[in-house]
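Taken together, the values in this text are just the output of simple stated rules run on the coordinates, not laboratory data. Fair warning: this is a prediction, and the values are worked out from it, not measured in the lab. A quick note on method: Cβ atoms are made from the backbone with ideal geometry, for glycine too, and the neighbour counts reach across all protein chains shown.
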Amino acid sequence: MSTSKNEPSFRESVDLMFNRAVDLMDLKPGLVEKIRVCNATYTVRFGVRLRGDIHTFTGYRSVHSEHMEPVKGGIRFSLGVNQNEVEALAALMTYKCALVEAPFGGSKGGLCVDPKAWDEHEMELITRRFAYELIKRDLINPSQNVPAPDMGTGEREMAWIADQYKRMHTTDINGAACVTGKPINAGGIHGRTEATGRGVQYALRAFFRDDEGIKKAGLSGTLDGKRVIVQGLGNVGYHAAKFLSEEDGAPVVGVIEYNGAIWNSEGIDIEALKQHILAEGTPKGFAGGTFVEDGTAMLENDCDILIPAALEGVINLDNADGVKAKLIVEAANGPVTAGADAILRDKGVVIIPDMYANAGGVTVSYFEWVKNLSHIRFGRMGRRQEESRHQLIVDELERISRDTSINWTLNPDFKSKYLRGAGELELVRSGLDDTMRIAYESMAEVWHGRDDVTDLRTAAYLVAIGKVASSYHSKGL
């Protein structure tokens, strides 16, 4: 976290970055203010009887913009949750959804609770009561406000929330769409758990298709061989690190956790490290690399790509000068403060901003919401028909081979892959890849096409704010 006394808060950082973008736009001051401010924040305080006593918890649900409905945004469980943080995250969700063309407004929720301090049954009671308080105010509703997992929550909590909604709305046929990030057997979608990490991978692939962007970062070539440091091996960091190292040939040389870090210049086996941390609770003792007690110092180690994938403010005024990475990918929300952002831009570091880099989660959440409303699994109607059409082509090619003097056969591996129709997971990945490519291209067009735009973050804000403004214009504002 930020330690400098002069450091802007997370919310102030978001406002500073927003202001830097709107200064380059021709928008009326009233519309700018309408887009900037949070529409509403609801605070709920409720009691739950646990361990023979009543414990009171405080939770928030913030709605930043209703230029499109429903509004969308995760729910995080953490003792650090506060109103300013939730409102800043809700604003980021507005811009994120606009950038990747997910038809939602921005929202966010949080509950001040330490999930590790309570057992599973107790967490269920707490979660269900929090959900009850939000549901009865229509702050969880398939057509108005649709939460998702965030820090400290996951499939388990989303299943509890969905069930609580259905208990309170027994005749709502679309009840499963009240929340996304659910388990598959509770109406979830294949590929949602990995979605944010997979989105980071697709964001990097999109960047490395941009020759001009690569040049601005002082890099060359492809992702293959680029050395990566990942801060935070939670759901997002784990999947991003695993996919980049195993599928793109980008060795992860450093992994930073809150209780230490692992360094291996030859590359770390991410799956092995994850299993070690799950078993031991710490990276210490992992045989596949060198343990570093002060993990945060590794943010300044030499690498090509730095991926902060945990909390906000980890790159700040205190350490920005020492960052050696040429490319930073904000897999977390707000990991680079506004002050650090200015320092890094002056150094020529390219930052792929959070509102784009971690948009994989909300993109696949959109797919899950659509699946719940349509009441059918993606691929169910067309997969076998696709396979049949491919089989016709293969049969005809093999007939030609038999009936002519051409001596060739189809490679069995190609044949099996070609004949396999796309299931839900393949379609989800295809949709996510397409979304990340198009969103990057929209940012890059502004980044490379305007002399007054020198970084991707400003380009992302310009694209997103422009879309929100257009939506308000169409409503008559």
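Per-structure values
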quantity	calculated
Among the listed pairs Lys274/Lys417; Lys226/Lys324; Lys28/Lys96, those beyond 25 Å (Cα-Cα)	Lys274/Lys417
C-alpha center-to-center spacing [segment 191-270, segment 20-85] in angstrom	30 Å
Net charge of Cβ neighbours under 12 Å - reference Ser471; Lys, Arg +1; Asp, Glu -1	0
Prolate/oblate/rounded label for segment 256-296 (Cα gyration tensor, a/c 1.5)	oblate
Cα gyration tensor category, rounded, prolate or oblate, for segment 416-471 with a/c compared to 1.5	prolate
Zone residues, segment 138-155, relative to Tyr258, backbone N less than 14 Å from point 7 Å out along Cα-to-Cβ	151-153
Helix-only mean residue ellipticity at 222 nm for the chain, each DSSP H run of n ≥ 4 adding -39500 (n - 2.57), per residue, nearest 500	-14500 deg cm²/dmol
Those aspartates and glutamates that a straight Cα-Cα span of less than 13 Å connects to Lys108, excepting residues fewer than 8 apart in one chain	Glu66, Glu85, Glu87, Asp150
Distance (nanometres) between label positions extended 7 Å along Cα→Cβ at Asp434 and Ala186	3.0 nm
Residues Arg345 and Leu50, FRET efficiency given R0 of 45 Å [Cβ-Cβ distance, rounded to 0.05]	0.40
Alpha carbon convex hull of the chain, volume per residue in cubic angstrom	180 Å³
Net charge of neighbours whose Cβ lies under 14 Å from the Cβ of His448, counting Lys and Arg as +1 and Asp and Glu as -1	-4
Out-of-range pairs (alpha-carbon distance over 31 Å; input Lys72/Lys242; Lys136/Lys475; Lys136/Lys182; Lys182/Lys216)	Lys182/Lys216
Inter-probe distance in nm under a simple model that places probes 7 Å from Cα toward Cβ, at Ser220 and Glu280	4.0 nm
Net lengthening on full extension, Glu386/Ala287 (0.36 nm per residue, minus Cα-Cα)	31.0 nm
Zone residues, segment 46-75, relative to Leu373, backbone N less than 14 Å from point 7 Å out along Cα-to-Cβ	68-72
Virtual paramagnetic centre 7 Å along Cα→Cβ of His448, amide N under 19 Å, in segment 182-221	202-221
Where N is the number of residues in segment 387-431, Cα Rg divided by 2.2 N^0.38 Å	1.45
Theoretical gain in end-to-end length, Arg209 to Gln83 [0.36 nm per residue, Cα-Cα removed]	41.4 nm
More than 18 Å apart - percent of Cα-Cα pairs taken over segment 84-141	51 percent
Cβ-based net charge around Ser62, under 9 Å, with every Lys or Arg adding one and every Asp or Glu removing one	+1
Mean projected area (nm²) of the alpha-carbon convex hull when segment 296-408 is viewed from all directions	13.0 nm²
Segment Ser265-Arg137, extension gain: residue separation times 0.36 nm, minus the distance between their alpha carbons	40.8 nm
